[in-house]
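Below: one structure, written as structure tokens.
The values are calculated or read from the model by the stated rules, or taken from the named source; none is laboratory data. Predicted model, so just to flag it, every value in this text is computed and none were measured. Heads up, the Cβs are rebuilt from the backbone with ideal geometry, glycines too, and the neighbour counts pull from every protein chain shown. Just the protein is used for accessible areas: all its heavy atoms, side chains included, with ligands, DNA and RNA removed. Shrake-Rupley method; radii C 1.70, N 1.55, O 1.52, S 1.80 Å.
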Amino acid sequence: MFVFYLLAAVQVFLSYKSMRGGIEYLRFFRRELARPESDFSPFASIIAPCRGLDEDLEKNLNALFEQDYPRYEIIFVLDSEKDAAFPVIQKVIQSRNHSTHTHQNDIPCRIVIAGKAKNESQKVHNLREAVLHVSDESEIFVFVDSDARPSKKWLRNLTAPLADETIGATTGYRWFISKKRNFASELRAAWNASVASALGANVKSNFCWGGSMALRRATFEKIRMRERWRGTLSDDFAVTRVLKEAGLPIHFVPQALTASVEDCNFRELLEFSTRQMKITRVYSSHLWKASFIGSVIFNLVFVWGIFILFFSSPASFAFIYTSFALFLISAFSAGKSLLRLRAVRLVLKDYERDLKLQFWTQNTLWTLTPAIFFYNSLCALLSREIVWRGIRYRLDSPERTTVAAENGKLNRQI
């Protein structure tokens, strides 16, 4: 019982710290949204790697053409013209060429065929090829995933902080919104939300997310990012590592939070979340360890606590202590979820109805996400192989990736 009392006290403290983090998260969003709009808008190159058919891919790609930004180009990059995304990209480009909107017609775009990757992930291989095709006048490199649907001011907001040349990169993050609101999709959204709130005001602890990320071209070339990508699997973790080595801060832009509107089943949820944790273990082992230990403590305290409440007398010290501890853990955890959702609603105004519907799932499914994190962390301990967009990889090290096989099945998640 002494061990339980100690672990319960630790979990109460961790839950309290987490809720304090939620308060700071909301404050950060409000501060950033209160900033005056920047007029910093140099020519930018949006690079969009594609593979397979994401849900509503056409809508996602169309959003790239609708940016409130004076001058930019879009580079779509695939490994092959046979990819299912190729005709969708062509359709979007052709529809824009016939559009009556003058600004949309002024946006140059092209499709780059990168070929098959051999010793790095297909996404990294595509990006390394795409940066060779940017315009000579491009000053900002912007990277976006094909399952993200950015708002109209996404590009302007993501670029604005780079007016400060001391900033290494700016980043947004994803927020999952399901269309059918099935259990697996909502659980994935809750799982992902806990990662999203790890970003904030602390530029030293921030990380890049490749689905919504921007760097100055000068910075990209200075840190030799194209070469540092060679042999890697994760584009964003690699950028994060290199920027931290160079002492360059990463600025999180709340307005660059992007909606990923799609559904999943339970198998896809586990596949997606486990892949993220396996990548984390290789590229940022301290975060994997923290997730593993944190999920063990949380799950142990909750399960052990329920057994104590079930088998002990209501008048006993064990029952009272356990009840109070579980109440505090639940209150702090639900409070963190509520604060996080309030912050996100300030940004994703186009999805107000969907976010209102997430109120109950975000504020209840936090009880289950630690079990998912434990499963993910355990799988990451036992294996370094992942399947990503239909390709099986082995993560030998942060700088070395083996392409094991291509099975032709395309995962929707990125």
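Sort 262-268, 364-370 by the packing proxy (mean of other Cβ within 10 Å over each peptide's residues), most packed first.
Descending packing order for the listed peptides: 364-370, 262-268.
Along its three principal axes, how long is the stretch 8-73 when you only count alpha carbons? Whole Å, largest extent first please.
Here the Cα extents, ordered largest to smallest, are 53, 37, 16 Å.
For the pair residue 38 and residue 6, what calculated FRET efficiency results from E = 1/(1 + (r/R0)^6), where r is the Cβ-Cβ distance and R0 = 60 Å, to the nearest 0.05?
Plugging the Cβ-Cβ distance into 1/(1 + (r/R0)^6) gives 0.75.
When the distances between all Cα atoms of the stretch 191-309 are binned every 10 Å from zero, what whole-number percent does each bin get?
Pair shares across the bins are 10, 36, 33, 14, 5, 1, 0.
Quick one: net charge around residue 135, please, counting Lys, Arg +1 and Asp, Glu -1 for every other residue with C-beta under 12 Å from its C-beta.
So the environment of residue 135 carries a net charge of -1.
Solvent-accessible area of residue 152, probe 1.4 Å, all protein chains present, reported in Å² to the nearest ten, please.
130
Quick one: helix 317-347 against the long Cα principal axis of the chain, what's the angle to the nearest 10°, folded into 0 to 90?
Here the helix axis deviates by roughly 20 degrees.
Note the full-extension length gain between residue 110 and residue 323 as 0.36 nm times their separation in residues minus their Cα-Cα distance, in nm to one decimal.
70.6 nm
If you stretched the chain out fully between residue 27 and residue 86, how much longer would it get, using 0.36 nm times the residue separation minus the C-alpha to C-alpha distance?
17.0 nm
Pull out a ≥ b ≥ c, the square roots of the eigenvalues of the alpha-carbon gyration tensor of the stretch 93-238, then state rounded if a/c is under 1.5, prolate if not and a/b is larger than b/c, and oblate in the remaining case.
Cα axes put the stretch 93-238 in the rounded bin.
Say we join alpha carbon atoms closer than 10 Å with springs in a Gaussian network model of the chain; which of 22, 200, 305 then has the biggest fluctuation?
305
Given H placed 1.01 Å from N in the peptide plane, which residues other than close sequence neighbours of residue 176 have an amide H under 5 Å from its amide H?
Amide H neighbours of residue 176, under 5 Å, 5+ apart: 260.
Could you tell me which of 146, 367, 254 has its Cα farthest along the dipole of the chain towards the positive end, charges placed at Cβ (Lys, Arg +1; Asp, Glu -1), taken about the Cα centre?
Most positive-ward Cα: 367.
Extent of the stretch 286-370 along each principal axis, from alpha carbon coordinates, in Å, largest to smallest?
The Cα atoms of the stretch 286-370 stretch 51, 33, 14 Å along the principal axes, largest first.
What accessible surface, in Å², does a 1.4 Å probe find on residue 397, ignoring ligands, DNA and RNA and rounding to the nearest 10?
We get 30 Å² for residue 397.
Under a 10 Å cutoff between Cα atoms, tell me which one of 331, 196, 256 has the largest fluctuation in the Gaussian network model of the chain.
Answer for the Gaussian network model of the chain: 331.
Per DSSP H run of n ≥ 4, the term is -39500 (n - 2.57); total these for the chain, divide by its residue number, and report the mean residue ellipticity at 222 nm rounded to 500 deg cm²/dmol.
The helix-only estimate for the chain comes to -16500 deg cm²/dmol at 222 nm.
Could you work out how much longer the chain between residue 152 and residue 310 gets when fully extended? Use 0.36 nm per residue separation minus the Cα distance between them, nm to one decimal.
51.6 nm
Tell me the accessible surface of residue 138 in square angstrom (1.4 angstrom probe, heavy atoms of protein chains only), to the nearest ten.
In the full protein context, residue 138 sits at about 10 Å².
Where a ≥ b ≥ c are the square roots of the eigenvalues of the C-alpha gyration tensor, would you call the stretch 1-158 rounded, which needs a/c under 1.5, or, failing that, prolate if a/b is larger than b/c, or oblate?
Taking the square roots of the gyration eigenvalues as a ≥ b ≥ c, the stretch 1-158 is prolate.
Considering only Cα-Cα distances, which of the following residue pairs are longer than 18 Å: 59/153; 116/278; 152/349; 82/116?
The answer is 116/278.
Arrange the residues 6, 270 by how much accessible surface each exposes, largest first, with a 1.4 angstrom probe.
Final ranking, largest accessible area leading: 6, 270.
Can you compute the charge dipole magnitude of the stretch 1-133 about its Cα centre, using +1 on each Lys and Arg Cβ and -1 on each Asp and Glu Cβ, nothing else charged? Give it in debye, rounded to the nearest 20.
The dipole of the stretch 1-133 has a size of about 460 debye.
Can you pull the three principal axis extents for the Cα set of the stretch 109-151, in Å, largest first?
32, 27, 16
Over the chain, with a Gaussian network built from C-alpha contacts below 10 Å, which listed residue (57, 326, 132) shows the highest mean-square fluctuation?
132
Using amide H atoms built in the peptide plane, which far-off residues or other-chain residues are under 5 Å from residue 52 H to H?
Hits under the 5 Å cutoff: 84, 85.
How tilted is helix 2-34 with respect to the longest principal axis of the chain? Cα atoms for both, answer in degrees (0 to 90, nearest 10).
Computed tilt is about 40 degrees.
Going by amide H atoms built from the backbone, whose H comes under 5 Å of the H on residue 257, apart from near neighbours?
Placed amide hydrogens put 173 under 5 Å from residue 257.
How compact and how long is the chain, expressed as Rg and Dmax of its alpha-carbon atoms in Å?
For the chain, the Cα-based Rg and Dmax read 22.0, 76 Å.
Once both labels are modelled 7 Å past Cα along the beta-carbon direction, what's the residue 56-residue 205 spacing in nm?
For residue 56 paired with residue 205, the spin-label model returns 3.3 nm.
Measuring from label point to label point, each 7 Å out along Cα→Cβ, what is the residue 383 to residue 406 span in nm?
2.2
Just want the answer: with Cβ charges of +1 for Lys and Arg and -1 for Asp and Glu, which residue in 286, 63, 229 is farthest toward the dipole's positive end in the chain?
286
Any idea how far the Cα center of the stretch 12-52 sits from the one of the stretch 343-366, in Å?
Result: 16 Å between the Cα centres.
Sort 272, 13, 310 from largest to smallest accessible area, using a 1.4 Å probe on the heavy atoms of the protein chains.
310, 13, 272
What does the charge count around residue 336 come to, taking other residues whose C-beta lies under 12 Å from its C-beta (Lys +1, Arg +1, Asp -1, Glu -1)?
+3
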